[in-house]
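All of the numbers you see were taken from the coordinates with simple rules; none came from a lab. Because the structure is predicted, anything quoted here is derived from the model rather than measured. We place every Cβ from the backbone using ideal geometry, glycine too, and count neighbours over all the protein chains shown.
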Amino acid sequence: MHELSPMRIAIAAATAREMDAIRQPTPPGSAGQGPLRLSYWTTGVGLLHATHALTARIRAERPGLVLQVGIGGAFDTVRHPVGSAACLARDGVADLGVREADGWRDVFEMGLTDPDTHPYRGGWLVNPHDRLLTRSGLAAATGVTVNRVSTDRDWIGDLERRLRPDIESMEGAALHYVCLMESVPFLQIRGVSNRVGERDKSAWQIAAALDSAAAALHRLLAILPENGHA
């Protein structure tokens, strides 16, 4: 952890739309006045863009905390209703592997990567900052990160059987991987915009999802200067 004063916090989002939503209202300290010094990073969509952007900015700025905020789909909208927000206790890349005749095998099952070699724990990228997860005030969830949005019912069912995920995104695992490798505290906040597999965009609630994620972010920022974030 980096003991910096004022507290340097990076807020990352994949797209300009997400960033515009979470920057309003401007939280205290955002202009470098007061206990927080915030920087805003728009990383681009997907694992490649997010991994490069996060690595480059972390190495250049060395923030004390990275908060990634954006939208995602929920596998179970009873547990995680559309329009709500959650924090991700663990994440992983769901579509890195091979589909064999007898089913999907990920890189751990293929023996290409050790599921318990840092930064992995049992094949997951686990956020170790339990206090930060708790203080977010959000339901803790399991995330999966994909290179293509899941639309096929068979694939969605396979993901649910194998991984029991709650939330799907396209950048979450990049945050977890980079921050674990760089030893920087982090938290991923996702607003639920839709049920995974729902392609009728009129049923999506992107604005409500971003409102919930932004509200959670600003609640967290309001208490960090008083109590730290370990």
Quick one: is GLY46 among the small types (Gly, Ala, Ser), at positive phi and more than 15 Å from the chain's Cα centre (by Cα)?
-> no
Residue among SER183, SER136 that alone is crowded, with 16+ Cβ neighbours inside 10 Å, farther than 20 Å from ASP20 by Cβ, of a type in the set (Ser, Thr, Tyr) and out of contact with any Asp or Glu (no Cβ under 6 Å at 6 or more places or on another chain) | SER136
What do you reckon, is LEU112 part of a loop (DSSP other than H, G, I, E, B) and either of a type in the set (A, V, I, L, M, F, W, C) or out of contact with any helix residue (DSSP H, G or I) (no Cβ under 6 Å at 6 or more places or on another chain) (or both)?
-> yes
Only one of these conditions is not met by PRO119: (1) in a loop (DSSP other than H, G, I, E, B); (2) of a type outside the set (Ser, Thr, Tyr); (3) under 21 Å from VAL66 (Cβ atoms); (4) out of contact with any Phe, Trp or Tyr (no Cβ under 8 Å at 6 or more places or on another chain). Which number is it?
-> (4)
Any residue in segment 193-205 that is touching a His at 6+ places or on another chain (Cβ under 9 Å), within 30 Å of ILE58 (Cβ to Cβ) and not in a helix (DSSP H, G or I)?
-> no
Can you work out which of the residues in segment 210-230 that are among the hydrophobic types (A, V, I, L, M, F, W, C) and farther than 14 Å from GLN68 by Cα is surrounded by the most Cβ atoms within 10 Å (Cβ to Cβ)?
-> LEU224
Residues of segment 73-109 classified as among the charged types (D, E, K, R), more than 21 Å from MET170 (Cβ to Cβ) and in a strand (DSSP E or B), total | 2
Residue hits (segment 145-192; in a helix (DSSP H, G or I), in contact with a Ser or Thr (Cβ under 8 Å, 6 or more places away or on another chain) and of a type in the set (D, E, K, R)) are GLU182
